[in-house]
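Peer 1: Take a look at this one; I'll ask things after.
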Amino acid sequence: MSLVAEAFVTQLAAAEPWPENAALYQQLKEEQILLSDNASSLAVQAFLQMCNLPIQVVCRANAEYMSPSGKVPFIHVGNQVVSELGPIVQFVKAKGHSLSDGLDEVQKAEMKAYMELVNNMLLTAELYLQWCDDVTVEEITHPRYGSPYPWPLNRILSYQKQWEVRRKMKAIGWAGKTLEQVLEDVDQCCQALSQRLGTQPYFFNKQPTELDALVFGHLFTILTTQLTTDELSEKVKNYSNLTAFCRRIEQQYFEGHDKDSPATVAARPAKRSLLR
């Protein structure tokens, strides 16, 4: 399909109303999904909840391979399939739903900068922990990632993914980091987020934006996921306004909205909801 034809199809899709049967695809919740993918999926779910757009979460063992970008989550809306938060935000905006239209240009630039910070620090730290920390790799990552598949395919796919992520870590200069250095990066990211949030309910005062959805997805998942140690979650717990922020979003956008609380989706069985 030519670029012009593709743009035309996208424009037609944008003009259609949001369907009731829109679906979000991710890996299996209980036995397969990992910390980073769960955080990304929860961020998209939070964003759509904030836009008041209904979405059904569909779990598939091969969700990663179904995605057009090879990454989860992805949404299936009408005839359109869109993956990852950034493109999903743009797709939803084309349908007339935006959380950041009320921001001025300076605020939008600041929002994007903080979103880059979260992706460059928190998401990368999650990937490092999953695929570069030997204890986590052996106890959690390999068993979960390959769980839907028989031996030896389960091991082949796990090692293939590990090689892919470690190659990325080498490219961005994270391969030589120690776990302590990665945790320090997480702490610095949380400190910056905590300072920006301050005493406000959301990062840009009284209304949430896609930044709030992204931060919630990562912090909530870190706080409620059982890993080999509590070192990662303790970094977040050091900032009381960030944990209160997570509780606020869970209460407002998830409690009572769906039978699946966000705390039920984790890289290992979740510790508990923040509300309990």
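Peer 1: Mind checking which residues of segment 101-135 are at pLDDT 95 or above and of a type in the set (G, A, S)?
Peer 2: A109, A113, A125 - these are the residues of segment 101-135 that are at pLDDT 95 or above and of a type in the set (G, A, S).
Peer 1: When you scan segment 232-251, how many residues do you find that are closer than 15 Å to V186 by Cα, in a helix (DSSP H, G or I) and either open to solvent by 70 Å² or more (accessible area, probe 1.4 Å) or modelled with pLDDT under 95 (or both)?
Peer 2: Within segment 232-251, residues that are closer than 15 Å to V186 by Cα, in a helix (DSSP H, G or I) and either open to solvent by 70 Å² or more (accessible area, probe 1.4 Å) or modelled with pLDDT under 95 (or both) number 2.
Peer 1: Of the numbered conditions (1) within 27 Å of L232 (Cα to Cα); (2) surrounded by fewer than 17 Cβ atoms within 10 Å (Cβ to Cβ), E84 satisfies every one except a single condition; which is it?
Peer 2: It is condition (2) that E84 fails.
Peer 1: Please go through segment 127-151 and give me each residue that is of a type in the set (V, I, T) and crowded, with 16+ Cβ neighbours inside 10 Å, ordered by number. Steps first, answer last, please.
Peer 2: From segment 127-151, those of a type in the set (V, I, T) are 135-137, 140-141; that's our starting set.
Scanning segment 127-151 gives T136, V137, I140, T141.
For (1) open to solvent by 40 Å² or more (accessible area, probe 1.4 Å); (2) within 19 Å of F203 (Cα to Cα), each residue gets a yes or a no:
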site: A61; (1), (2): no, no
site: Y65; (1), (2): yes, no
site: G70; (1), (2): no, no
site: F74; (1), (2): no, no
site: V77; (1), (2): no, no
site: S100; (1), (2): no, yes
site: K108; (1), (2): yes, yes
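Peer 1: Tell me the strands (runs of 3 or more DSSP E) entirely within segment 53-167 that contain at least 3 residues that are touching a residue at least 24 places away in the same chain (Cβ under 8 Å) and of a type outside the set (G, A, S).
Peer 2: Working: elements: 56-59, 74-77, 80-83.
Per the criteria, 56-59, 74-77.
Peer 1: Something else now. Residues Q90, Q107, Q32, Q80: which one is out of contact with any Gly (no Cβ under 9 Å at 6 or more places or on another chain) and closer than 30 Å to L157 by Cα?
Peer 2: Answer to the selection: Q80.
Peer 1: Among the residues of segment 168-179 satisfying the criterion of being part of a helix (DSSP H, G or I) and open to solvent by less than 50 Å² (accessible area, probe 1.4 Å), which is nearest to C59 (Cα to Cα)? Show your work before the answer.
Peer 2: The initial filter retains those residues of segment 168-179 that are part of a helix (DSSP H, G or I), namely 168-171, 179.
If we keep only those that are open to solvent by less than 50 Å² (accessible area, probe 1.4 Å) as well, we get 169, 179.
Values: M169: 28, L179: 31 Å.
For segment 168-179, the residue satisfying everything is M169.
Peer 1: I need a count of the residues in segment 252-274 that are of a type in the set (D, E), modelled with pLDDT of 70 or more and within 20 Å of C59 (Cβ to Cβ).
Peer 2: Step one: list which residues in segment 252-274 are of a type in the set (D, E), which gives 255, 258, 260.
Then drop every residue that is not modelled with pLDDT of 70 or more, which leaves 255.
Subset that is within 20 Å of C59 (Cβ to Cβ): none.
So the answer is 0.
Peer 1: Can you tell me which residues in segment 203-231 are over 16 Å from K112 (Cβ atoms) and either over 16 Å from the mean Cα position of the chain (by Cα) or surrounded by fewer than 16 Cβ atoms within 10 Å (Cβ to Cβ) (or both)?
Peer 2: N205, K206, Q207, Q226, L227, T228, T229, D230, E231
Peer 1: While we're here: If I ask for residues that are closer than 12 Å to L127 by Cβ and surrounded by 14 or more Cβ atoms within 10 Å (Cβ to Cβ), which ones from segment 152-167 would you list? Let's see the steps before the verdict.
Peer 2: First, pick out the residues of segment 152-167 that are closer than 12 Å to L127 by Cβ: 161-162, 164-167.
Within segment 152-167, K161, Q162, V165, R166 meet the criteria.
The values are calculated or read from the model by the stated rules, or taken from the named source; none is laboratory data. Being a predicted model, the structure only gives us computed values, none of them experimental. Neighbour counts are summed over all protein chains in view; Cβ atoms, including those assigned to glycine, are modelled from backbone coordinates with ideal geometry. Please note that ligands, DNA and RNA were not included when accessible areas were found on the heavy atoms of the full protein model with its side chains. Shrake-Rupley method; radii C 1.70, N 1.55, O 1.52, S 1.80 Å.
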